[in-house]
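**Student:** Mind looking over this structure? Questions follow.
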Amino acid sequence: MIACAGFCLIEIRGGTLSPAAFLLKGVTLMKLGRRMFLAVTTAIFVSVSASTAFASVLQTNSSYAQHKVSSGKFPIHSACMMPPQGHLIKIGVTGAEQMPQESNTWAEALEAVVADHLKARGISVTSATNPLSSGASGDEINGVISQVQQKFKTVSALMYKKPKAIAKSAYTLGDQVGMLPCSENSDILVFVQGRGQVLTGARGAMTSTFGGPAEFADLFVTLADAKTGEILDLIQLYPDGDFFSHPDICFGPDLDIELASKNIGSIPRKAKKSGQ
């Protein structure tokens, strides 16, 4: 440290900094460290695939529907539920581990929540695995489902980055969706995806005391035209509470709000009272 003209300079690796510059440098490094921490935890804990990783921190619920859906020009009375996808990770003191069995159970619960709330809005629901009157075998249906799911994986990686482009009809799964037996009698295909992070007791105690990873979950519900494959809407929900044990309580009310706000189903949103 060298005194000069009433103030001091701090020597760092052969250079000098004023006290103000030194403090600013320290704050900048702290911010950089926090950003690096958030980036690393997002990539590791939120999703296995970096292309579909999401940070639920500070996110708000949203829906990106095409105007023809929210305006009622594309009425939705029937839905075909695609096989749901769930991904849960458990964070402990020493690291993270996958939860495949719990993930499958949670995915089925999320599908049931979405299906029930669609039915509550007057939408009939069927499963993509149902052969109906097509005469198709289970293997044939599963083969088509696999193709559609693979296409959805590719499209969703782009869609999640730029969801506002849905309004411009930017994303489609292609007319291969018409090969699904349920397509003929359905207006939309419904894709349900959930991602969550839970903490062990010890990790939770450490987070409470020293900070660190927290528990959170994301639910993504995508609606696609059952005939053309065009993506019509993406609903993103970021709840609080016990999302694993009580998914309907955590996701249901918010899902109702988003469905109603876009006029999805036969129950129209309430008109504003005069004077409002």
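**Student:** For the stretch 192-201, indicate whether the set of residues that are more than 28 Å from Asp256 (Cα to Cα) and in contact with an Asp or Glu (Cβ under 9 Å, 6 or more places away or on another chain) is non-empty.
**Tutor:** Keep residues of the stretch 192-201 that are more than 28 Å from Asp256 (Cα to Cα), which gives 199-201.
This time we only want the ones that are in contact with an Asp or Glu (Cβ under 9 Å, 6 or more places away or on another chain), so: 199.
The answer is yes; a qualifying residue exists.
**Student:** What is the residue count in the stretch 157-177 for residues that are among the β-branched types (Val, Ile, Thr) and either closer than 22 Å to Arg195 by Cα or in a helix (DSSP H, G or I) (or both)? I'd like the intermediate steps shown before the answer.
**Tutor:** At the first step, the residues of the stretch 157-177 found to be among the β-branched types (Val, Ile, Thr) are 166, 172, 177.
Now drop any that are not either closer than 22 Å to Arg195 by Cα or in a helix (DSSP H, G or I) (or both), which leaves 166, 177.
Final tally of qualifying residues: 2.
**Student:** Right, here's the next one. So Thr222 fits all but one of (1) surrounded by fewer than 19 Cβ atoms within 10 Å (Cβ to Cβ); (2) among the hydroxyl-bearing types (Ser, Thr, Tyr); (3) within 26 Å of Ser70 (Cα to Cα); (4) at pLDDT 95 or above; what number is the exception?
**Tutor:** Single failed check for Thr222: (1).
**Student:** Give me the pairs: first residue in the stretch 157-172 and among the hydroxyl-bearing types (Ser, Thr, Tyr), second residue loosely packed, with under 13 Cβ neighbours inside 10 Å, beta-carbon distance under 6 Å, and six or more apart or on different chains, which are they?
**Tutor:** Matching pairs, first to second residue: none at all.
**Student:** Something else: Is there a residue in the stretch 194-216 that is closer than 20 Å to Ser62 by Cα and either among the polar types (S, T, N, Q) or loosely packed, with under 14 Cβ neighbours inside 10 Å (or both)?
**Tutor:** Here is the first cut: in the stretch 194-216, the ones closer than 20 Å to Ser62 by Cα are 194-196, 216.
With either among the polar types (S, T, N, Q) or loosely packed, with under 14 Cβ neighbours inside 10 Å (or both) added as a condition, the list becomes none.
Among the residues of the stretch 194-216, not one is closer than 20 Å to Ser62 by Cα and either among the polar types (S, T, N, Q) or loosely packed, with under 14 Cβ neighbours inside 10 Å (or both), which makes the answer no.
**Student:** Could you please tell me which pairs satisfy a Cβ distance under 9 Å, a separation of 6+ or placement on different chains, a first residue in the stretch 198-212 that is under 17 Å from Gln98 (Cα atoms) and touching a residue at least 12 places away in the same chain (Cβ under 8 Å), and a second residue that is surrounded by 12 or more Cβ atoms within 10 Å (Cβ to Cβ) and among the acidic types (Asp, Glu)?
**Tutor:** Pairs that qualify, where the first residue is under 17 Å from Gln98 (Cα atoms) and touching a residue at least 12 places away in the same chain (Cβ under 8 Å) and the partner is surrounded by 12 or more Cβ atoms within 10 Å (Cβ to Cβ) and among the acidic types (Asp, Glu), are Val198/Glu102; Val198/Glu215; Leu199/Glu215.
**Student:** Since Leu132 meets every condition but one in (1) within 20 Å of Ala79 (Cβ to Cβ); (2) at pLDDT 95 or above; (3) not small (Gly, Ala, Ser), which condition does it not meet?
**Tutor:** That leaves (2) as the condition not met.
The values are calculated or read from the model by the stated rules, or taken from the named source; none is laboratory data. Keep in mind that what you see is a predicted model, and the values were worked out from it rather than measured. All Cβ positions, even for glycine, are placed from backbone atoms using ideal geometry, and neighbour counts span all protein chains on display.
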